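Asks: Below you will find the structure I want to go over with you.
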Amino acid sequence: MSTLKNIDSVVIRFAGDSGDGMQLTGDRFTSDSAVLGNDLSTLPNFPAEIRAPQGTLPGVSSFQVHFADHSVLTPGDAPDVLVAMNPAALKANLGDLPRGATIIVNTDEFTKRNLSKVGYAESPLDDGSLESWQVHPVPLTSITVEALADFDLGRKDKERAKNMFALGLLSWMYTRPLDGTRAFLATKFAKLPDILEANLAALRAGHAYGETTEAFSVQYAVAPAPMDSGTYRNITGNVATAYGLTTAAHRAGLPLVLGSYPITPASDLLHNLSKLKHFGVTTIQAEDEIAAIGSALGASFGGAIGVTTTSGPGLALKSETIGLAVSLELPLVVIDVQRGGPSTGLPTKTEQADLLQAMFGRNGESPVAVIAASSPSDCFDAAIEAVRIATTYRTPVILLTDGYLANGSQPWRLPSLDELPSVDVEFATEPNATDAKGKPVFHPYVRDEQTLARAWAVPGTPGLEHRVGGIEKADGSGEISYDPANHDTMVRLRQAKIDGIEVPDLEVDDPGGDAKLLVLGWGSTYGPIAAATRLARATGAKVARAHLRNLAPMPANLGEVLRSYDRVVLPEMNLGQLALLLRAEYLVDIQSHTAVRGLPFTAVELAAVINEHLEVLHEGSRA
Amino acid sequence: MSIDLGMPASGVAGVPRLPDGDKQTKRDFTSDQEVRWCPGCGDYIILNAVQSFLPDLGLRRENIVFVSGIGCSSRFPYYLDTYGMHSIHGRAPAIATGLATSRPDLSVWVVTGDGDALSIGGNHLIHALRRNVNLTILLFNNKIYGLTKGQYSPTSEIGAVTKSTPAGSVDQPFNPVSLALGAEASFVARTMDSDRTHLTEVLRAAAEHRGSSLVEIYQNCPIFNDGAFDVLKDSEDGQARILHLTDGEPIRAGEGDTARVVVRGADGNLSVVPEKGADPATVVTHDVAAADPSLAFAISRLDDPSMAHVPMGIFRNVDRPTYDDGVRAQVAAASPDGPATDAELMELLHGKDTWTVEGSMEPRA
């Protein structure tokens with residue numbers, strides 16, 4: 001008989017071969033935890049190769065989930081539990097595992113051949129090298145096959161159900177209900193009743209294995225986390241982005257046209273949006289990145305909400321067309337799901353190194369609005385904001401997310417209809433100027449005094465026929481102009497329009513109001529920075545925290561905020577790109593902390609950074 | 001999901017027309033911009049022909065859009081009083097694809113040149129043709145880069161001495177018609193700036209065609225490649241060189257005793273022989289609607305840089321489903337009851353797995 005122990009949080013990492021179904025296992029475990037009311041955060045981590053050679057280190061795929069009875073800010077620094085489906089999964093992940101953590105290994109895969117593939121001379125299960133951890137050897141594959149003895153399936157098919165066995169076992173250990181997964185499997189294998197039954201049986205067998213064997217003496221429960229009241233769902237960043245775009249178009253009453261070219265980790269945006277045709281969403285899978293953004297811009301010219309989605313290398317290819325959109329002053333939403341660079345870089349890993357590309361990666365003075373989402377669910381709000389800025393100011397907007405946000409997930413409190421922002425778009429319908437003879441005419445570059453947005457007349461509007469192009473245009477009339485003074489005016493007008501975009505002031509989280517150190521972040525470092533701040537404060541540290549969403553233009557109070565702290569530290573997953581901009585713009589000696597490992601920062605790591613900087617301040621005040 | 005697109009309609013079906021009795025003239029399509037091509041440029045003639053021809057379509061002017069890339073020819077939209085976009089080098093077909101797909105009520109035209117369409121924009125051109133987007137693409141071919149002042153282009157012949165090839169080009173040129181047929185374009189034609197009647201006829205057929213229409217227009221650049229097509233313009237010699245493509249007729253150059261026709265030899269290859277004495281059984285009858293593009297392709301290969309035989313007219317004009325009609329049909333089929341409601345949006349956001357937290361608890365960090 002096992003005992004039930006209440007714990008406040010746990011971090012579990014499922015790791016196996018790319019073909020072992022670890023992403024699915026993790027995903028299901030996450031959904032079942034979310035339904036229990038835990039707060040949570042996830043981090044999938046997988047190789048770029050679809051099926052790297054079996055059993056090798058490059059082929060290891062993992063999924064980490066952190067769930068708790070309190071608010072969760074990161075997927076967890078280090079796993080409490082590792083499920084290792086083979087020697088490679090063990091070897092690849094052991095380094096992240098603190099002493100004392102639990103390891104559940106699939107012993108069936110610890111064959112001589114598999115061990116030698118990853119350079120184990122002897123099995124670590126036998127040589128005593130795992131003494132510092134609590135190891136549970138389970139012959140996952142053979143028990144699964146045995147549990148499915150009565151099924152008329154080949155051995156391979158039976159073996160494939162071992163991930164459901166593992167899920168059943170972990171669900172027992174952490175008292176997760178199985179109903180959600182049962183329903184999921186019923187839908188997924190609706191047309192394959194044999195496979196469905198086998199998976200259900202494996203799931204049951206895993207659960208029963210926990211219940212009946214002596215090996216697992218403790219079961220754990222994690223109570224629901226206190227959360228604002230409301231209805232919640234779990235959501236990944238890419239789904240949230242797709243839904244944000246769709247919602248914005250729906251609110252604007254305009255069709256959404258996505259031009260896209262498949263690229264990791266942005267392709268899921270194309271997949272998700274291509275399923276939303278009933279919301280008036282048109283998706284065009286173009287022949288290349290350039291055509292993708294071209295078709296989006298063509299649709300914008302026609303009065304739709306033109307969107308293109310990509311990752312760093314694709315953004316590079318789109319540069320010239322973004323410049324055209326700057327010149328045409330048409331709405332265009334460009335989503336860059338950042339990944340490790342340069343060049344092909346690390347396609348499945350996360351990074352924040354496209355900031356300067358987004359800000360300046362074009363010829364000429366070519367300002368655009370740039371915003372960055374801070375969490376998977378924030379991608380929803382950020383996408384709506386991107387559409388709102390693009391349509392209000394007739395400008396390209398680059399929305400930066402990254403691989404961590406795109407594939408990671410968290411609970412999302414669903415907004416009610418009246419909480420959704422409105423997106424209002426006005427097209428020109430009447431002439432707005434007169435020609436030399438006093439005849440009413442339409443001048444496409446007459447601007448709104450408030451926003452500096454130009455008049456937007458779409459084809460099909462009688463009497464407003466006009467031509468736009470990438471050649472410099474005369475202020476107002478929009479006719480081709482090579483006049484030096486006019487070019488100077490237009491360059492400054494385009495910049496002034498971006499600078500004048502209304503963005504909210506930067507909010508600072510400084511509970512005591514007397515911190516001398518500010519930790520500033522942008523994008524997906526929100527979770528790790530907030531968690532690190534929480535850790536540091538728990539030990540009595542005084543530290544303020546702020547997070548930038550608007551990178552172009554930046555909030556009006558940013559300079560004042562930066563100057564009001566003795567020290568500002570800025571962690572970034574690049575070599576200090578935002579720090580460079582802030583130093584140039586505000587002449588503040590920003591302390592840059594950087595790492596480009598393809599993984600998010602850990603809270604412990606950043607808490608140490610905070611303490612180091614507090615120490616420097618302390619030394620300074622003593623000196 | 002299979003969607004019945006019905007019989008392909010006209011290229012301008014769905015585009016609002018002028019009320020009966022209303023007429024437009026060339027003046028209605030002429031913008032107030034000063035035309036800035038070099039004196040003697042073939043572009044003037046083409047512009048004139050297009051401005052004169054557009055009123056015949058009977059479409060509302062505001063529902064016509066010209067999209068161009070970069071190059072001399074790409075200034076075209078500025079001179080037409082329709083909606084227009086002068087975009088970036090090579091990308092006009094991509095931009096026009098997005099516009100045509102999202103706006104079935106527009107007649108969308110692309111104006112491009114040999115450098116714009118076949119060099120920097122080659123990829124977009126072949127994919128627009130492959131998809132069969134409802135566009136009319138006018139490719140002005142002067143076999144030279146004009147706007148950058150005289151470098152060889154992807155249609156310049158081997159040996160062409162230009163600013164960038166002082167020792168002669170060693171670059172194999174494209175035959176734009178062969179390229180388009182290779183991409184399975186559903187409408188491919190060739191015409192010439194100096195033959196306004198033929199040009200207008202071809203434009204009319206191209207506009208009428210639903211799907212991508214590619215019209216190659218031989219166009220003289222008087223500054224950097226003057227006289228490139230003079231051998232075709234000479235009244236006698238030219239007529240002997242031009243193979244007239246007329247649907248249902250033999251493909252013939254010249255007249256009377258010196259007329260020559262296209263025949264298919266025993267080996268299947270096409271050749272041009274004197275009509276007099278040709279075996280009637282071997283004479284090729286032109287069929288623009290042939291489903292298999294290989295005959296049209298073979299005809300396009302009769303041309304070579306010496307311009308001994310240059311087929312002119314419509315090579316191919318077949319009906320096949322268009323990309324934009326297909327995309328719109330899928331969107332329409334997904335929303336039979338019209339635009340999605342707010343309730344449907346909320347249902348989407350909720351998904352299948354939700355849970356509810358009751359009562360306000362401590363705020364989240």
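Asks: Could we say that A:Val609 is open to solvent by less than 60 Å² (accessible area, probe 1.4 Å), touching a residue at least 12 places away in the same chain (Cβ under 8 Å) and either in a helix (DSSP H, G or I) or in contact with a strand residue (DSSP E or B) (Cβ under 9 Å, 6 or more places away or on another chain) (or both) here?
Replies: Values: open to solvent by less than 60 Å² (accessible area, probe 1.4 Å): yes; touching a residue at least 12 places away in the same chain (Cβ under 8 Å): yes; either in a helix (DSSP H, G or I) or in contact with a strand residue (DSSP E or B) (Cβ under 9 Å, 6 or more places away or on another chain) (or both): yes.
Spelling it out, A:Val609 is indeed open to solvent by less than 60 Å² (accessible area, probe 1.4 Å), touching a residue at least 12 places away in the same chain (Cβ under 8 Å) and either in a helix (DSSP H, G or I) or in contact with a strand residue (DSSP E or B) (Cβ under 9 Å, 6 or more places away or on another chain) (or both).
Asks: Take the residues in region A:479-505 that are part of a loop (DSSP other than H, G, I, E, B) and more than 30 Å from A:Arg549 (Cβ to Cβ), then tell me which one is most open to solvent (accessible area, probe 1.4 Å). Can you show your working first?
Replies: Residues of region A:479-505 part of a loop (DSSP other than H, G, I, E, B): A:479, A:481-483, A:500-505.
So of that shortlist, the ones also more than 30 Å from A:Arg549 (Cβ to Cβ) come out as A:479, A:481-483.
Details: A:Glu479: 77, A:Ser481: 17, A:Tyr482: 144, A:Asp483: 76 Å².
Looking at residues that are part of a loop (DSSP other than H, G, I, E, B) and more than 30 Å from A:Arg549 (Cβ to Cβ), I get A:Tyr482.
Asks: When you look at A:Ser62, is it assigned to a helix (DSSP H, G or I), open to solvent by less than 30 Å² (accessible area, probe 1.4 Å) and of a type in the set (S, T, N, Q), yes or no?
Replies: Working: assigned to a helix (DSSP H, G or I): no; open to solvent by less than 30 Å² (accessible area, probe 1.4 Å): yes; of a type in the set (S, T, N, Q): yes.
No; evaluated as a whole, the condition is false for this residue.
Asks: Working only within region A:533-554, note down all residues that are assigned to a strand (DSSP E or B) and among the small types (Gly, Ala, Ser). Can you show your working first?
Replies: Step one: of region A:533-554, the residues assigned to a strand (DSSP E or B) are A:544-548, A:550-552.
Passing the criteria: A:Ala544, A:Ala546, A:Ala552.
Asks: Also: Filter region A:309-324 for residues that are facing another protein chain (nearest Cβ under 10 Å) and either at pLDDT below 95 or open to solvent by less than 10 Å² (accessible area, probe 1.4 Å) (or both); which is nearest to A:Asp268 (Cα to Cα)?
Replies: Taking region A:309-324 first, the residues facing another protein chain (nearest Cβ under 10 Å) are A:320-321, A:323-324.
Those still in the list that are either at pLDDT below 95 or open to solvent by less than 10 Å² (accessible area, probe 1.4 Å) (or both) too: A:321, A:324.
Working: A:Thr321: 23, A:Leu324: 27 Å.
The residue in question is A:Thr321.
Asks: Taking the stated definitions as given, is A:Lys156 over 30 Å from A:Asp402 (Cβ atoms), free of Cβ contacts under 8 Å to residues at least 12 places away in the same chain and more than 14 Å from chain B (Cβ to nearest Cβ)? Give the derivation first.
Replies: On the way: over 30 Å from A:Asp402 (Cβ atoms): yes; free of Cβ contacts under 8 Å to residues at least 12 places away in the same chain: yes; more than 14 Å from chain B (Cβ to nearest Cβ): yes.
Judged against the criteria, A:Lys156 is a match.
Asks: Checking the conditions here, which among A:Val11, A:Val83, A:Val72 is part of a loop (DSSP other than H, G, I, E, B), hydrophobic (A, V, I, L, M, F, W, C) and open to solvent by less than 30 Å² (accessible area, probe 1.4 Å)?
Replies: Going through A:Val11, A:Val83, A:Val72 in turn, the sole match is A:Val72.
Asks: Answer with yes or no whether A:Ser31 is open to solvent by 10 Å² or more (accessible area, probe 1.4 Å) and assigned to a loop (DSSP other than H, G, I, E, B). Outline the logic, then answer.
Replies: On the way: open to solvent by 10 Å² or more (accessible area, probe 1.4 Å): yes; assigned to a loop (DSSP other than H, G, I, E, B): no.
No; evaluated as a whole, the condition is false for this residue.
Asks: Please determine, by comparing only the residues of region A:259-279 that are in contact with a strand residue (DSSP E or B) (Cβ under 6 Å, 6 or more places away or on another chain) and without any contact (Cβ under 8 Å) to a residue 40 or more places away in the chain, which one is nearest to the other protein chains (Cβ to nearest Cβ).
Replies: A:Ser274
Asks: Only one of A:Leu405, A:Leu414 is touching a Lys or Arg at 6+ places or on another chain (Cβ under 9 Å), under 26 Å from A:Phe67 (Cα atoms) and touching a residue at least 40 places away in the same chain (Cβ under 8 Å); which? Outline the logic, then answer.
Replies: Numbers: A:Leu405 fails: touching a Lys or Arg at 6+ places or on another chain (Cβ under 9 Å).
It is A:Leu414.
Asks: Looking at region B:247-266, which of its residues are open to solvent by 90 Å² or more (accessible area, probe 1.4 Å) and under 19 Å from B:Asp304 (Cβ atoms)?
Replies: Correct list: B:Arg264 only.
Asks: Which ones in region A:28-75 are within 30 Å of A:Thr111 (Cβ to Cβ) and within 11 Å of chain B (Cβ to nearest Cβ)? Even if it seems obvious, please write down each step before you answer.
Replies: Taking region A:28-75 first, the residues within 30 Å of A:Thr111 (Cβ to Cβ) are A:28-29, A:43-65.
Passing the criteria: only A:Arg28.
Asks: Further, regarding this structure: So A:Glu49 clears everything in (1) open to solvent by less than 50 Å² (accessible area, probe 1.4 Å); (2) free of Cβ contacts under 8 Å to residues at least 60 places away in the same chain except one condition, right? Which one?
Replies: Going through the list (1) open to solvent by less than 50 Å² (accessible area, probe 1.4 Å); (2) free of Cβ contacts under 8 Å to residues at least 60 places away in the same chain, A:Glu49 breaks only (1).
Asks: Looking at (1) under 26 Å from A:Ser409 (Cβ atoms); (2) open to solvent by 10 Å² or more (accessible area, probe 1.4 Å); (3) among the acidic types (Asp, Glu), which is the only condition A:Glu572 fails?
Replies: Status for A:Glu572: all satisfied but (2).
Asks: Moving on to the next point. Return only the number of the condition from (1) more than 14 Å from the chain's Cα centre (by Cα); (2) surrounded by fewer than 24 Cβ atoms within 10 Å (Cβ to Cβ) that B:Ser87 does not satisfy.
Replies: Among (1) more than 14 Å from the chain's Cα centre (by Cα); (2) surrounded by fewer than 24 Cβ atoms within 10 Å (Cβ to Cβ), the lone unmet condition for B:Ser87 is (2).
Asks: Looking only at residues that are more than 7 Å from chain B (Cβ to nearest Cβ) and part of a helix (DSSP H, G or I) in region A:280-308, which one is surrounded by the fewest Cβ atoms within 10 Å (Cβ to Cβ)?
Replies: Among those that are more than 7 Å from chain B (Cβ to nearest Cβ) and part of a helix (DSSP H, G or I), it is A:Glu289.
Rundown of residues vs (1) closer than 14 Å to A:Ser592 by Cβ; (2) surrounded by fewer than 21 Cβ atoms within 10 Å (Cβ to Cβ), yes/no style:
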residue	(1), (2)
A:Ala515	no, no
A:Gly527	no, no
A:Thr533	no, no
A:Ala544	no, no
A:Asn557	no, yes
A:Leu562	yes, no
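Asks: Moving on. Considering region A:445-478 alone, what residues qualify as being at the interface with chain B (Cβ under 10 Å from one of its Cβ atoms), buried (at least 17 other Cβ atoms within 10 Å of the Cβ) and part of a loop (DSSP other than H, G, I, E, B)? Even if it seems obvious, please write down each step before you answer.
Replies: As a first pass, look at region A:445-478 and keep what is at the interface with chain B (Cβ under 10 Å from one of its Cβ atoms): A:457-471.
Subsequent filtering for residues that are buried (at least 17 other Cβ atoms within 10 Å of the Cβ) retains A:457-461, A:464-470.
Within region A:445-478, A:Ala457, A:Val458, A:Pro459, A:Gly460, A:Thr461, A:Leu464, A:Glu465, A:His466, A:Gly470 qualify.
Asks: Continuing with the same structure: Do we find a residue being under 21 Å from A:Ser524 (Cβ atoms), facing chain B (nearest Cβ under 8 Å) and either surrounded by fewer than 19 Cβ atoms within 10 Å (Cβ to Cβ) or of a type in the set (Lys, Arg) (or both) anywhere in region A:227-238?
Replies: Within region A:227-238, one or more residues are under 21 Å from A:Ser524 (Cβ atoms), facing chain B (nearest Cβ under 8 Å) and either surrounded by fewer than 19 Cβ atoms within 10 Å (Cβ to Cβ) or of a type in the set (Lys, Arg) (or both).
Asks: If you go through region B:333-354 one residue at a time, how many are facing chain A (nearest Cβ under 10 Å) and either open to solvent by 60 Å² or more (accessible area, probe 1.4 Å) or touching a residue at least 60 places away in the same chain (Cβ under 8 Å) (or both)? Show your work before the answer.
Replies: First, the residues of region B:333-354 that are facing chain A (nearest Cβ under 10 Å): B:333-346, B:348-354.
Then drop every residue that is not either open to solvent by 60 Å² or more (accessible area, probe 1.4 Å) or touching a residue at least 60 places away in the same chain (Cβ under 8 Å) (or both), which leaves B:333, B:336-337, B:339, B:341-344, B:352-353.
The number of residues fulfilling the criteria is 10.
Asks: Can you list the strands (runs of 3 or more DSSP E) lying wholly within region A:369-436 that have 3 or more residues being open to solvent by less than 10 Å² (accessible area, probe 1.4 Å) and in contact with a helix residue (DSSP H, G or I) (Cβ under 8 Å, 6 or more places away or on another chain)? I'd like the intermediate steps shown before the answer.
Replies: On the way: elements: A:369-372, A:396-402, A:409-413.
Here the list reads A:369-372, A:396-402.
Asks: Now for a different question. Can you work out which of the residues in region A:250-262 that are in a helix (DSSP H, G or I) and in contact with a helix residue (DSSP H, G or I) (Cβ under 7 Å, 6 or more places away or on another chain) is most open to solvent (accessible area, probe 1.4 Å)? Walk me through how you get there before you give the answer.
Replies: So the first thing to find is which residues in region A:250-262 are in a helix (DSSP H, G or I), and the list is A:250-252.
Next, only the ones that are in contact with a helix residue (DSSP H, G or I) (Cβ under 7 Å, 6 or more places away or on another chain) stay: A:250, A:252.
Details: A:His250: 41, A:Ala252: 22 Å².
Across region A:250-262, the extreme among qualifying residues is A:His250.
Per-residue answers, yes or no, for (1) in contact with a Gly (Cβ under 7 Å, 6 or more places away or on another chain); (2) closer than 13 Å to A:Leu506 by Cβ; (3) in a strand (DSSP E or B):
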position	(1), (2), (3)
A:Leu520	no, yes, yes
A:Ala531	no, no, no
A:Ala556	no, yes, no
A:Val561	no, yes, no
A:Pro571	yes, no, yes
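Asks: Return the only residue of B:Val357, B:Val327 being farther than 21 Å from A:Leu254 by Cβ, within 8 Å of chain A (Cβ to nearest Cβ), open to solvent by less than 40 Å² (accessible area, probe 1.4 Å) and in contact with a Ser or Thr (Cβ under 7 Å, 6 or more places away or on another chain).
Replies: On the way: B:Val327 fails: farther than 21 Å from A:Leu254 by Cβ.
None of the other options fit; the residue is B:Val357.
Asks: Does any residue of region B:193-213 turn out to be of a type outside the set (Val, Ile, Thr), under 25 Å from B:Val273 (Cα atoms) and open to solvent by less than 20 Å² (accessible area, probe 1.4 Å)?
Replies: No, region B:193-213 contains no residue that is of a type outside the set (Val, Ile, Thr), under 25 Å from B:Val273 (Cα atoms) and open to solvent by less than 20 Å² (accessible area, probe 1.4 Å).
Asks: Identify, by number, the condition in (1) over 27 Å from A:Val491 (Cβ atoms); (2) out of contact with any Leu (no Cβ under 7 Å at 6 or more places or on another chain) that A:Glu385 doesn't meet.
Replies: (1)
The values are calculated or read from the model by the stated rules, or taken from the named source; none is laboratory data. Since this is a predicted model, take the numbers as computed values, not measurements. As a convention, Cβ positions derive from the backbone with ideal geometry for all residues, glycine included, and neighbour counts pool all protein chains shown. The protein model used for the area step is the full one, side chains on, heavy atoms only, and it has no ligands, DNA or RNA in it. Shrake-Rupley method; radii C 1.70, N 1.55, O 1.52, S 1.80 Å.
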